[in-house]
Amino acid sequence: MKSTRELIHLETSEKEEIVNITREVMKVVSGSGIGEGLALVYPMHTSSAVYVSDSDTSLTEDLRDVLAALVPEEGRYRHNETDHKRNATSHLKAALCGHHVVLPVTEGRLDLGTYQTIYYAEFDGTRPKEVLVKIIGE
Amino acid sequence: MKSTRELIHLETSEKEEIVNITREVMKVVSGSGIGEGLALVYPMHTSSAVYVSDSDTSLTEDLRDVLAALVPEEGRYRHNETDHKRNATSHLKAALCGHHVVLPVTEGRLDLGTYQTIYYAEFDGTRPKEVLVKIIGE
Amino acid sequence: MKSTRELIHLETSEKEEIVNITREVMKVVSGSGIGEGLALVYPMHTSSAVYVSDSDTSLTEDLRDVLAALVPEEGRYRHNETDHKRNATSHLKAALCGHHVVLPVTEGRLDLGTYQTIYYAEFDGTRPKEVLVKIIGE
């Protein structure tokens, strides 16, 4: 069995921003020398999420709108009374997005569907963040 | 280490339909010869999702209702202005459902709880679709 | 390749309750003797979910509020007409929470971000429940 662990470093200029990280993840997979395996793409934070969706940037805006409707900024959140960062909605949106993904690796490559794109959804940005890619296989 | 990669082929007759694929996934696990491992059950699309829930078909209807309330068909979506398929809600529902699952394999079988059932939720159907089952273990 | 399978036993005193299980999962990882791998933390039920979030208990209350708004108790659910437990909302909340997580294991430890905490969200409690931890690696 082989394994690899790499960090992807990200820093967004906006508080909320959705970034395509497909190329960065592909690079870790190629560099790993692993032919068959599973790749965990895992944010080291709790106010961001990695998810797979269509390669259409308008859809990332739509997702932001849907999440803003489900977790309204003007709601009352207990977390905001205890944490000076007042970022309750950031954490709650990340939880609804599923946080991390596990992707198939086949013949040394990410085994994705035609339009599948890997997104990093930042909900509390403008600070350095890290996404861990951990691959196991052989 | 062993690995296996199989595709489950699906085609729904409705645009939106939730299908029990437990038997098909079990068959891939049995055929893999893997005793202990992890099975990724992964739609090759971005407008469908695989999830685990109770073996009650009335609940699949309830989930459809909940998702329809969270991502209303009559909403305004940027994706629908750029994509002729106008299937923004399909992608957004798939994202909220979590897209894929990872299941335990123990003693050559799916290691599921008593009532656990694996569902494929199609949100943009009537076309051929594929779910990849990638298992690694030994 | 090595693998391990352990059950964490839980029983909540409330119907709905969110419990920190980080320590229990860490113990399984230490005991496994696995240095590099992936840990699946998987509820054996369909009315509970495991998720990763911030180490702030006020946030678990906020998540309960958000889920209660998205899947209102007073809604009409088909499942409640067929199942005497009338626990449709329990299943639907678990589905929206993503059900299970896959966590990185590095140098024999859970490879979590600074504030990351593993939560078990029970939506139909007061009964004995089990969370399976399945780790593969070497």
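Taking a probe of 1.4 Å, how large is the accessible area per residue of chain C, in Å²?
Each residue of chain C exposes 40 Å² on average to a 1.4 Å probe.
Looking only at C:T106, C:T126, C:T114, which one moves most when chain C is put into a Gaussian network model with springs between Cα atoms under 10 Å?
C:T114
Do the alpha carbons of any pairs in B:K2/B:K129; C:K93/C:K134; A:K129/B:K93; A:K27/A:K129; A:K27/B:K15; A:K15/C:K134 sit beyond 29 Å of each other, and which pairs? The partial results should precede the final answer.
Numbers: B:K2/B:K129 26 Å; C:K93/C:K134 24 Å; A:K129/B:K93 27 Å; A:K27/A:K129 18 Å; A:K27/B:K15 36 Å; A:K15/C:K134 36 Å.
Where the Cα-Cα span goes over 29 Å, the pairs concerned are A:K27/B:K15; A:K15/C:K134.
In peptide A:34-40, what is the residue-averaged number of other protein chain Cβ atoms found within 10 Å of each Cβ?
For this peptide, the per-residue mean of nearby foreign Cβ atoms is 5.
What accessible surface, in Å², does a 1.4 Å probe find on B:H91, ignoring ligands, DNA and RNA and rounding to the nearest 10?
10 Å²
Starting from the alpha-carbon convex hull of the protein assembly as shown, give the projected area averaged over all orientations, in nm².
Its Cα hull, projected and averaged over all orientations, spans 18.2 nm².
Pop a pseudo-label 7 angstrom from the Cα along the beta-carbon direction at both B:T82 and B:T114 and give the gap in nm to one decimal.
That separation, rounded to one decimal, is 4.9 nm.
Average partner chain C-beta neighbours within 10 Å, per residue of A:49-59?
Mean number of neighbouring Cβ atoms from other chains: 6.
May I ask for the accessible area buried between chains B and C, both sides summed, probe 1.4 Å, to the nearest 100 Å²?
Its buried surface, counting both partners, is about 2500 Å².
If contacts are Cα pairs under 8 angstrom and at least 6 residues apart, what is the relative contact order of chain A in percent? Don't jump to the answer; show the numbers that get you there.
Values: 280 pairs, mean separation 76.9, N = 138.
Relative contact order for chain A comes out at 56 percent.
Going toward the positive end of the dipole of the range B:2-137, with +1 on Lys and Arg Cβ and -1 on Asp and Glu Cβ, which of B:V133, B:S53, B:T22 do you reach last?
Positive-most Cα among the choices belongs to B:V133.
To the nearest 20 debye, what charge dipole does the range A:2-137 have about its Cα centre, counting +1 at the Cβ of each Lys and Arg and -1 at the Cβ of each Asp and Glu?
About 540 debye.
If I take R0 = 51 Å and measure r between the Cβ atoms of B:E14 and C:K27 in this structure, what FRET efficiency does the formula 1/(1 + (r/R0)^6) give, to the nearest 0.05? Don't skip to the end; give the middle numbers.
On the way: r = 46 Å, r/R0 = 0.91.
With a Förster radius of 51 Å, E is 0.65.
Specify the residue with the greatest mean-square fluctuation among B:E17, B:E81, B:E36, computed from a Gaussian network of chain B linking alpha-carbon atoms under 10 Å apart.
B:E81
May I ask you to find the residues of the range C:94-119 that are shielded by at least 50 Å² of accessible area once the whole protein assembly is considered instead of their isolated chain (probe 1.4 Å)?
Checking the loss per residue gives C:A95, C:L96, C:H100, C:V102, C:P104, C:D111, C:Q116.
Using Cα springs under 10 Å in a Gaussian network model of chain A, which residue among A:R109, A:R78, A:R64 shows the largest mean-square fluctuation?
A:R78
Quick one: Debye curve from the C-alpha atoms of the range C:2-137, no solvent, what's log10 I(q)/I(0) at q = 0.09, 0.10, 0.21 Å⁻¹?
Reported log10 I(q)/I(0), two decimals: -0.28, -0.35, -1.22.
First compute the accessible area of the protein assembly as shown with a 1.4 Å probe, then give the percent of it belonging to carbon and sulfur atoms.
Looking at the protein assembly as shown in its full context, I get 44 percent from C and S.
For chain B, take the longest principal axis of its alpha carbons; what is the angle in degrees between that and the long axis of helix B:57-70, to the nearest 10 within 0 to 90?
Approximately 40 degrees, to the nearest ten.
Share of Cα-Cα pairs in the range B:56-125 beyond 19 Å, in percent?
47 percent
Calculate how steeply helix B:22-32 sits against the longest principal axis of the alpha-carbon atoms of chain B, using the helix alpha-carbon long axis, and give the answer as 0 to 90 degrees to the nearest 10.
The answer is roughly 40 degrees.
Can you give me the C-alpha center-to-center distance between the range B:11-48 and the range A:51-111, rounded to a whole angstrom?
That distance is 25 Å.
The values are calculated or read from the model by the stated rules, or taken from the named source; none is laboratory data. Fair warning: this is a prediction, and the values are worked out from it, not measured in the lab. Reconstructed Cβ throughout: ideal geometry from the backbone, glycine too, with neighbour counts over all protein chains shown. For accessibility, only protein heavy atoms count, side chains too; no ligands or nucleic acids. Shrake-Rupley method; radii C 1.70, N 1.55, O 1.52, S 1.80 Å.
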